[in-house]
Amino acid sequence: MALEIVRTSRYASHMGRFSEHLVCYWLSRSGFEVAIVDQIGFDVTAYNRASGERLGITVKSRTRLEKNPTENVYVFRTKKERQEFRSICADFLCEPWIAVYFEVAASGDLYLTPTWQTTKQNTSRVDRRLARGR
């Protein structure tokens with residue numbers, strides 16, 4: 001049985017912080033040292049000593065209610081936002097990655113991907129099929 005989602009005045013802030021911590025948890029259990037950073041568009045930094053990987057991650061989160069089950073999630077609304085994110089990652093010597101957390105009343109899904117794996121068609125949004133879990 002799923003609990004009904006009721007959004008309070010601080011819901012978006014709590015959801016964002018939860019998503020950032022969830023990304024940190026998964027990366028930490030995968031051998032990365034992680035930190036939440038306070039930088040515009042750049043939410044989490046991660047470093048894997050064994051592989052030398054350094055990630056700069058922007059984290060987006062969305063709740064899917066019955067009224068919006070297939071609404072798109074925009075990661076970068078403009079080309080400028082995408083370029084700024086990549087520039088910030090370069091300043092910190094990090095590879096740019098995107099994390100998106102989707103939540104429905106009964107479950108949630110986390111997607112984590114490097115920006116180079118995105119195509120021109122889906123760089124700005126996560127496809128509706130992902131939101132439906134297909």
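Computed from the coordinates by the stated procedures, all read-outs in this text should not be read as laboratory data. Computed from a predicted structure; not experimentally measured. Note: ideal-geometry Cβ built from the backbone for every residue, glycine included; neighbour counts use all protein chains shown.
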Cα→Cβ-extended label distance, 7 Å offset, between D38 and W26, nm: 2.6 nm
Whether the stretch 1-41 is rounded, prolate or oblate, judged on the alpha carbon gyration tensor where a/c under 1.5 counts as rounded: oblate
Listed peptides 104-114, 81-91, 4-14 by packing density, highest first (mean Cβ within 10 Å): 81-91, 104-114, 4-14
HN-Hα J in Hz across the stretch 88-105 - Karplus 6.51, -1.76, 1.60, θ = phi - 60°, x for Gly and Pro: 4, 4, 5, 4, 9, 6, 10, 7, x, 10, 10, 10, 10, 10, 10, 10, 10, 4
Label-point gap, in nm, between A50 and A106 - each point 7 angstrom along Cα→Cβ: 3.5 nm
Spacing of the two label points (7 Å from each Cα toward its C-beta) at E81 and S13, in nm: 2.1 nm
Full-stretch length increase - V6, Y74 - with 0.36 nm per residue and alpha-carbon distance subtracted: 22.2 nm
